[in-house]
Amino acid sequence: MDRKTAAESNVKAPERALGDEADRVRGRLPRGRRRTRGRLRSLVIPFLAIVTALIIGALVIVFTDETVYAAFGDGVGRGVARASSVITRAYGAFFSGALGNPVRIITALFSGQGTQIRRAIYPLTETIRISTPYIFAGLAVALGFQGGLFNIGAEGQYFVAGLVTVFVGYAVTGLPGIIHLPLALLAGAVGGGIWGAIPGLLKAKTGAHEVINTIMMNYIAFRLAEFMLDANGPMARGDGRPVSPEIQPSAYLPQFFPNQIEIRVNTGFLLALAVAVLVWWLLYKTTLGYEIRTVGANPRAARYAGMSVARTVVITMALSGALAGLSASTDILGVLHFMPNAFSSGYGFDAIALALLGKSHPFGVVLASLLFGALRAGAQNMQGIAQVPVDLTSIVQGLIIVFIAAPEIIRKLYRLRQPVASDELVTVRGWGGA
Amino acid sequence: MRKRVSIGLVAILLASLVLNACGGGAASGYKVGMVTDMGGVDDKSFNASGWKGIEDAIKELGIEGSYLESQQQTDYATNITQYVNQGTNLIITVGYMLADDTANFAKANPDINFAIVDFAYDPPIDNVRALTFATDQASFLAGYAAAAATKTGKVACFGGINIPSVSIFMVGYEAGVKYYNAQHGTDVQVLGWSTAANNGVFVGNFESTDDGRRTGEEFLAEGADVIMAVAGPVGQGTAEAVQVAGNAWFIGVDQDWTLTAPKYTDVILTSVLKNIDVAVFDTIKLASAKDFAGFGGESYVGTLANDGVGLADVADGAIPSEIVDELEDVRKGIIDGTIDSGWETYLSGL
Amino acid sequence: MPPVLQLRGITKRFPGVLANDHIDLELEEGQVLALLGENGAGKSTLMNILYGLYHPDEGEIYIRGEKVSIHGPSDAIRLGIGMVHQHFMLVPVLTVTENVMLGMESIRNGMVLDRTKASKRIREISDQYGLEVDPEATVEDLPVGIQQRVEIIKLLYRNADILILDEPTAVLTPQEVTGLIRVVRSLVAQGKSVVFISHKLKEVLELSDRIVVLRRGRSVGSTTPEESDERSLASMMVGRDVILEVPKGPAHPGDVVLDVQDLVVKGDQEKVAVSGISFQVRGGEIVGAAGVQGNGQTELVEAITGLRPVESGRVMIGGHDVTNASPRAITEFGTAHVPEDRQRDGLVLSYSVAHNVILNTYYVPPFARGPLMQETAVARQADQLIAQFDVRTPSPQTPVANLSGGNQQKVIVARELSRPVQLTLASQPTRGLDVGSIEYIHAQLVKKRDEGAAVLVVSAELDEVMALADRILVMYEGRIMGTLDATEATRERLGLLMAGVATA
């Protein structure tokens, strides 16, 4: 037989030999359907992780409620009834605090009264407002993961960007908003970017591990902020408090409800969505994104392919820092309008969770951020209505991350099938991978 | 079995989605809400103390009270909004970090009364009562007692963050030590604060007990045997260090540490009491009265005279009994103005 | 007496693929059974079923005539079945004894590990089968061949009498292969039975008593070494006639393309790995670099391609000095490089085939326009190369991680040899590949030569170097021991040079 024909017939044969061993190869659905199914399947674990975490959260609520114990003292039936009413009340408040009460929203819409409508949709606006800085911070860490870098420094980058943003916000006067606002945003991105690029540079030039250096840069940033915003510090407002002056109104991110001080959702959210699309475009549509992902997936192959691993590492860290910086900028320009000394409580660290939950995909990060925003908005409401401490969110968030990081638990719990090897996302290379 | 339990729980969850628990609390009565700062209600410091004032008011005045904890700067407005939407009559915000949000909401809601702990507006806002404390008066007494108790001739203090509500303790403390020196011809030194230099030791936060322990160990190593920590829970680390070292004393602030941190009782010399609960109670009583016509921008200053600040009992045998008597005289002197507890002088010298 | 091991009608389906299709197999006591087949033929699946890692959809397993069902490696071990995997499962920092004891530590006085007893037993086993393993040696200090014997000792220590060796020679030098064959002979002589998985025809013929050939999940024949030869086995394996010799005409060397002068390169441990090498490769010739692995070949190729700094000396490509130039600059001078470790250096496993075929040309038109990737052009290129280089993949979008080793290598070869180049460097281009793929890749390299490119092939396989090269240089401890014309090279002469014995 002619060799060439043999080869061709092999290519066309329906049963092509595949895979190192056949077990690597999975279903043969049409490509489009297979992809959709794969995407859906990849959502199963996060979904179950959230549900399971909420269930455990409910148990925590029940087990820490004294009235439940008292009711159990009167009999099992009473106890169960009390427990379920406690959970109903707490989670009712939780969901209505995160998403609003649908009945109330509809009634309000029909009533046509501004105040009623605003109060009804308020929970939703809180969820969106809280998720805005989360999106930026999550994108920062996710981009790092894509480039094989573990940016634990988002928190520090956030602080530095906050300082730079707020400075541009209050010290620069007389500019129209169309210039002042972008300038303040840019300042934050550049500040965070530089703060991120330094550990990147250290890694590229000396091989120093970015995890160590970003942590150290965090401490420097915290102390820097403490110094600048000390009651007598160079950036203090001068009323004896460790806070910066208020920024100029020309640097405000436009509000959706400008005259309502309680509704603080602002155009920062639109910016966050736009930046998420931009990050996606960068990662998957540009040569730079290809370089970042290649360095992340296999730095040796990247070097072999002629890419400059060092340059890519620095760029990735700078971009990651810039994204983390924008989370501070939007909080200051859109919500706070000043910077206090004790500024953030852990956006940068929550961001790691967000990137994991979003599988380091920009759109996944957006979804994860909305979830975390909802969790926090809901928790705040649950505290007010059901007296459940806000710390419950931390527990639920923590559990979600544990279940995402160790999907085996969820698979065992719900008896799910083992995934295909390539479904698993490898986020970062191990320690010491210079 | 396990499956059935989870199904049951999911059902409860779903039920909770459908049945919506609407606004909490009974319909009638005077409603007071407190918004904590990031320290949370069980900070064993001023949030806890403020909440105690509300609890007292619930018992004695029959009002309805609740609190909301904040985890981030951006939570303050969220929590105040909740209280505004719930129709709360008096909203108490704890700490200077809430000053901007409190002012904004107070101006937007003139029919709701507010009180803020540890901050005064200039100019005052009509419907906000500023609750401030002349803690220098009480810490002056603590400094006097410390100077009497020291065997090494060195006493120390440190703060959390350099803000007026913290440094006021240290100013009074140093003044008290100096007064003792003048009275007794001694030369007890103060480490950690100098009014003349307008500078002192600050750990930079109100959270890290580690920082507290380290700072305490440093002072002990420098020879101090009385340490006052003006840094909320950070002081627990310091008390720990003092207890481990033995032969030294710790001075707590805000609340009586023999009650809030009893395991350190054996090393607690005394506590500088900043009776936020008294101020909060006083405010609730004032505002919930039938004939209340508004704060009108009036503020509250806690002093030794109105029991807004005070000194807890000094540990038995730590100082001679004649010093205990002297402390009472000093107290009277401060109240009638013959003794300068230091803060006003310090401010005017800035 | 019933056979030690008997498989009847073993069938294993994976979604979309029939990995094992009613396979029957018999192993007699004291026999070596070779399981021969290309990568992806179903050998490993079958053995994983036997070892309890997979459960068959159909079929039965009999051990000494008794029907058994195996649910995991512990069942397999209990039944006396042991397996040496291609990748050793050893803890490098522990001693041989400690490694062998792992998982079944014998304990003295309730607490203390009884190392002495275990060590004594290992020495006995080692002596009994002529394994020559020191129980006290640390595993990381041992050569690969001895590490493999530690794996075998682990099985014998657990009283296994059916030993499965999965591609045992893939990692060994020719000398170590000889040693392994001796060990296997000694094992069967003392009553053990061995299943030997391989796709190397010579070894199979030399070692086995019976040969079963698998192709695409089916058993396509059972034979003995006496009844068969390399050619017949190869055609059974591949399903068609196979050309074992590389068909090539005489070389027509042209101008010098690669000129290496007094090259000194350091290895990973700051030790000099290449110490003053000089040689030339001309256009239109294939030069083969032979040598036992670890004698500086890796470092030499990496230095030429810019991946490793040159300490001293000079590298010229096409008359340009490229000493210490960047990898990209060297690529752009017209150099193709098939790297030694395809998964570590040559591919991004999580990427699709399409994204791998543009790994070093992604930034130039038509694959990029400015900073933008042109996915249509990338897809077109992928389709074309998949067809041209016969890469077997479900689609250009399949991650290369899901391809067989041979097809992964074809992706690299397609990428590197489809470009117009003047120099081609190929390191271990066929390691671990099946006959069909080897044949194909060899033909591609010869084609590159005939188009006028200079080709340098580095290989630890003597057969490969002898079949491919027009000239052969032999490396030993970072030096060139000698350069032979292909016509005057014999196994013996090359073997001596590789051992550093004589200068030819």
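One table, with the values for the structure above:
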item	result
Check on residue B:332, farther than 14 Å from residue B:175 by Cβ, touching a residue at least 40 places away in the same chain (Cβ under 8 Å) and among the basic types (Lys, Arg)	no
Residues within region A:169-178 that are touching a residue at least 24 places away in the same chain (Cβ under 8 Å) and either part of a helix (DSSP H, G or I) or touching a helix residue (DSSP H, G or I) at 6+ places or on another chain (Cβ under 7 Å) (or both), tallied	6
Residue match in region A:102-112 (condition: at the interface with another protein chain (Cβ under 10 Å from one of its Cβ atoms), surrounded by 14 or more Cβ atoms within 10 Å (Cβ to Cβ) and touching a residue at least 60 places away in the same chain (Cβ under 8 Å))	no
Condition check for residue C:306: touching a Ser or Thr at 6+ places or on another chain (Cβ under 7 Å) and in a loop (DSSP other than H, G, I, E, B)	yes
Count of residues meeting criterion [surrounded by fewer than 14 Cβ atoms within 10 Å (Cβ to Cβ) and more than 9 Å from every other protein chain (Cβ to nearest Cβ)] in region C:358-378	5
Residues of region A:284-299 satisfying the condition of being over 19 Å from residue A:210 (Cα atoms) and more than 7 Å from chain C (Cβ to nearest Cβ)	A:284, A:289
Residue selected from region C:321-351 under the condition more than 10 Å from chain A (Cβ to nearest Cβ) and within 23 Å of the chain's Cα centre (by Cα), by the criterion modelled with the lowest pLDDT	C:340
Filter pass, residue C:122 being assigned to a helix (DSSP H, G or I), over 15 Å from residue C:98 (Cα atoms) and in contact (Cβ under 8 Å) with a residue 12 or more places away in the chain	no
Subset of region B:44-79 [small (Gly, Ala, Ser), farther than 18 Å from residue A:380 by Cα and surrounded by 23 or more Cβ atoms within 10 Å (Cβ to Cβ)]	B:45, B:49, B:50, B:53, B:57
Set A:374, A:310: member being more than 26 Å from residue A:150 (Cβ to Cβ) and more than 11 Å from every other protein chain (Cβ to nearest Cβ)	A:374
Options C:279, C:196: the member that is buried (at least 20 other Cβ atoms within 10 Å of the Cβ) and either touching a strand residue (DSSP E or B) at 6+ places or on another chain (Cβ under 6 Å) or not in a strand (DSSP E or B) (or both)	C:196
Some residue of region A:382-397 being surrounded by 24 or more Cβ atoms within 10 Å (Cβ to Cβ) and either within 14 Å of chain C (Cβ to nearest Cβ) or free of Cβ contacts under 8 Å to residues at least 24 places away in the same chain (or both)	yes
Filter result for residue B:118 (within 14 Å of chain A (Cβ to nearest Cβ) and either surrounded by fewer than 24 Cβ atoms within 10 Å (Cβ to Cβ) or farther than 17 Å from residue B:48 by Cα (or both))	no
Residue in region A:300-314 that is out of contact with any helix residue (DSSP H, G or I) (no Cβ under 7 Å at 6 or more places or on another chain), of a type in the set (Phe, Trp, Tyr) and more than 19 Å from residue B:70 (Cβ to Cβ) present	no
Among residues of region C:414-441, those that are within 15 Å of residue C:458 (Cβ to Cβ) and among the aliphatic types (A, V, I, L, M), counted	4
Whichever residue in region C:282-293 is assigned to a strand (DSSP E or B) and among the small types (Gly, Ala, Ser) and, among such residues, is farthest from residue C:451 (Cα to Cα)	C:290
Verdict on residue C:468 being within 15 Å of residue C:426 (Cβ to Cβ), assigned by TED's automatic domain parsing to the domain that holds residue C:275 and in contact (Cβ under 8 Å) with a residue 40 or more places away in the chain	yes
Single unsatisfied condition, residue B:86 versus (1) closer than 30 Å to residue B:162 by Cα; (2) at pLDDT 85 or above; (3) within 12 Å of chain A (Cβ to nearest Cβ); (4) surrounded by fewer than 22 Cβ atoms within 10 Å (Cβ to Cβ)	(1)
Pick from region C:232-262, criterion β-branched (Val, Ile, Thr) and outside any helix (DSSP H, G or I), ranking: surrounded by the most Cβ atoms within 10 Å (Cβ to Cβ)	C:257
Selected residue [in a helix (DSSP H, G or I), at pLDDT 90 or above and either out of contact with any strand residue (DSSP E or B) (no Cβ under 8 Å at 6 or more places or on another chain) or of a type outside the set (A, V, I, L, M, F, W, C) (or both)] from C:177, C:150, C:184, C:188	C:150
Test for residue B:265: is it hydroxyl-bearing (Ser, Thr, Tyr) and surrounded by fewer than 20 Cβ atoms within 10 Å (Cβ to Cβ)	yes
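The values are calculated or read from the model by the stated rules, or taken from the named source; none is laboratory data. Since the structure is predicted, the reported quantities are computational estimates derived from the model, not experimental observations. When we count neighbours, we look across all protein chains shown, and the Cβ atoms used for this are built from the backbone with ideal geometry, even at glycine.
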